[in-house]
Amino acid sequence: MSSYYDELETRSAEARAAALAEALPEQIARAKGLPGYAAALAGVDPAKVTDRAALARLPVLRKSDLVSAQGPGAPLGGYAAKPVHGFAHVFQSPGPIYEPGGNAHDWWRLGRFLHACGIGPGDIVQNCFGYHLTPAGMIFENGARAVGAAVLPAGTGQTELQVRAAHDLGVTAYAGTPDYLKLILEKADAMGLELGITRAAVSGGALFPSLRAWYAERGIACRQCYATADLGMVAYESEAMEGMICDERVIVEIVTPGTGDPVAPGEVGEVVVTTLNPDYPLIRFATGDLSAVLEGESPCGRSNLRIKGWMGRADQTTKIKGMFVRPEQVAALVARHAEIDRARVVASREGEMDVLTVRIETTASDPAAYAGTVAEVLKLKGTVELVPPGGLPRDGVVIEDARVYD
């Protein structure tokens, strides 16, 4: 098996920039013609959106926008390039929200990840992702087909039957959540059946180092990817095991939560993704997940941008004094004053009362100058503390809940 899925993985920075300058205007033009983007992209000239800097000036699309746009007359909200009947599949995720799916070669782009896991022709993949309404099962099946592997569409549950099938069929690879494979292996031990699984491609949950080590002790190489129902694959691990390498058909940005403003490399922020899928052109889609860019290239030779992986949720909405405070409000507070670099809302307790403290990073010296803006934007009064530039952590947190509930 070749080390790389294709030549795209090892492109130079110059080749990547040239390809982006060609593909991005086409995708923006495609999106601009869809009803869902009519307002957001109304004044945008697609020909001028040729790089990341220009892309970062476009508005962010949030899942709540998709949910509110969807309805009986527009089940995909006007964001898809084809009607529902033009897709091979349509899925329902919690919300409810509907996502389209295709069965063309590597439509979800999971083949790149499975190839990096060492899965290919001759393998039988036990796919333990769900096939019922939600898309994960079909996402991984489409990827397995792309690399020439056979699939056992196992889904979830019925662990004894899963063990028997894995043993009888000679299953060589597992796809599913990180922890379910452990249940299968332990059940196999209890049943006295030997399994031949040597590779695991996991997603949809936390892969703790101790669990990965447990698999390694049993001769199973376990790697994870970051994928979503809306976007398909976003990033994946390679044999280097140093962060996650971004897929070749998405553009990943890390932004300050509640805004669309990119943060500095290494700083934690919200993952925003633009997909180059012509069937479902999501532009600057905010995932609600936190991550950070890893500088430099992966030791495995793949040259695309790397991120640290999943680092929590960006939606830090918190109820303080009976009122919800959202990251967007903190961003609006910062935008009101040019001398403010960033701000952090801290919720704490004094006795039985909530306390609101707003820590503002600035060169200014008078906290009282911001009290009115705090009350107006956050709809709450609180204490303002000023800290010097660089005084707030670069951890992606804009609303910190320091209250103790036990």
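The values are calculated or read from the model by the stated rules, or taken from the named source; none is laboratory data. Keep in mind that this is a model prediction, so the values were computed, not measured. Glycine gets a Cβ as well: all are built from the backbone with ideal geometry, and neighbour counts include every protein chain shown. The protein model used for the area step is the full one, side chains on, heavy atoms only, and it has no ligands, DNA or RNA in it. Shrake-Rupley method; radii C 1.70, N 1.55, O 1.52, S 1.80 Å.
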Among VAL358, VAL346, VAL377, VAL325, which is the only one that is hydrophobic (A, V, I, L, M, F, W, C), over 23 Å from GLY260 (Cβ atoms) and surrounded by 12 or more Cβ atoms within 10 Å (Cβ to Cβ)? VAL346
Across the range 10-43, what is the number of residues that are in contact with a Gly (Cβ under 7 Å, 6 or more places away or on another chain), in a helix (DSSP H, G or I) and either free of Cβ contacts under 8 Å to residues at least 24 places away in the same chain or open to solvent by less than 50 Å² (accessible area, probe 1.4 Å) (or both)? 1
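To keep it simple, each residue is scored yes or no on (1) under 19 Å from ILE119 (Cα atoms); (2) open to solvent by less than 30 Å² (accessible area, probe 1.4 Å); (3) over 20 Å from the mean Cα position of the chain (by Cα).
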{"residue": "GLY176", "(1), (2), (3)": "yes, yes, no"}
{"residue": "LYS182", "(1), (2), (3)": "no, no, yes"}
{"residue": "LEU195", "(1), (2), (3)": "yes, no, yes"}
{"residue": "THR198", "(1), (2), (3)": "yes, no, yes"}
{"residue": "ARG218", "(1), (2), (3)": "yes, no, yes"}
{"residue": "ARG223", "(1), (2), (3)": "yes, no, no"}
{"residue": "VAL250", "(1), (2), (3)": "no, yes, no"}
Give me the residue from the range 135-174 that is part of a helix (DSSP H, G or I) and of a type in the set (S, T, N, Q) and, out of that set, nearest to VAL202 (Cα to Cα). ASN142
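Residue-wise test of (1) open to solvent by less than 50 Å² (accessible area, probe 1.4 Å); (2) touching a His at 6+ places or on another chain (Cβ under 6 Å); (3) hydroxyl-bearing (Ser, Thr, Tyr); (4) touching a residue at least 12 places away in the same chain (Cβ under 8 Å).
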{"residue": "MET311", "(1), (2), (3), (4)": "no, no, no, yes"}
{"residue": "LYS319", "(1), (2), (3), (4)": "no, no, no, no"}
{"residue": "VAL330", "(1), (2), (3), (4)": "yes, no, no, yes"}
{"residue": "ASP341", "(1), (2), (3), (4)": "no, no, no, yes"}
Does ALA335 satisfy the condition of being more than 24 Å from the chain's Cα centre (by Cα), surrounded by 18 or more Cβ atoms within 10 Å (Cβ to Cβ) and modelled with pLDDT of 90 or more? no
Given the range 349-406, what strands (runs of 3 or more DSSP E) lie entirely inside it while holding 2 or more residues that are polar (S, T, N, Q)? 353-362
Tell me which residues, restricted to the range 262-286, are open to solvent by 20 Å² or more (accessible area, probe 1.4 Å) and not in a loop (DSSP other than H, G, I, E, B). PRO262
Return the only residue of ARG284, ARG342 being at pLDDT 95 or above, touching a strand residue (DSSP E or B) at 6+ places or on another chain (Cβ under 8 Å) and closer than 30 Å to ALA39 by Cα. ARG284
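Quick grid of which residues meet (1) in contact with a Ser or Thr (Cβ under 8 Å, 6 or more places away or on another chain); (2) more than 20 Å from VAL334 (Cα to Cα); (3) at pLDDT below 95:
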| site | (1), (2), (3) |
| --- | --- |
| THR259 | no, no, yes |
| VAL263 | yes, no, yes |
| GLY269 | yes, no, yes |
| VAL273 | yes, yes, no |
| VAL293 | no, yes, no |
| GLY296 | no, yes, yes |
| ARG302 | yes, yes, no |
| GLY309 | yes, yes, yes |
| GLY312 | no, yes, yes |
Working carefully through the options ALA69, ALA47, find the one that is small (Gly, Ala, Ser) and open to solvent by 60 Å² or more (accessible area, probe 1.4 Å). ALA47
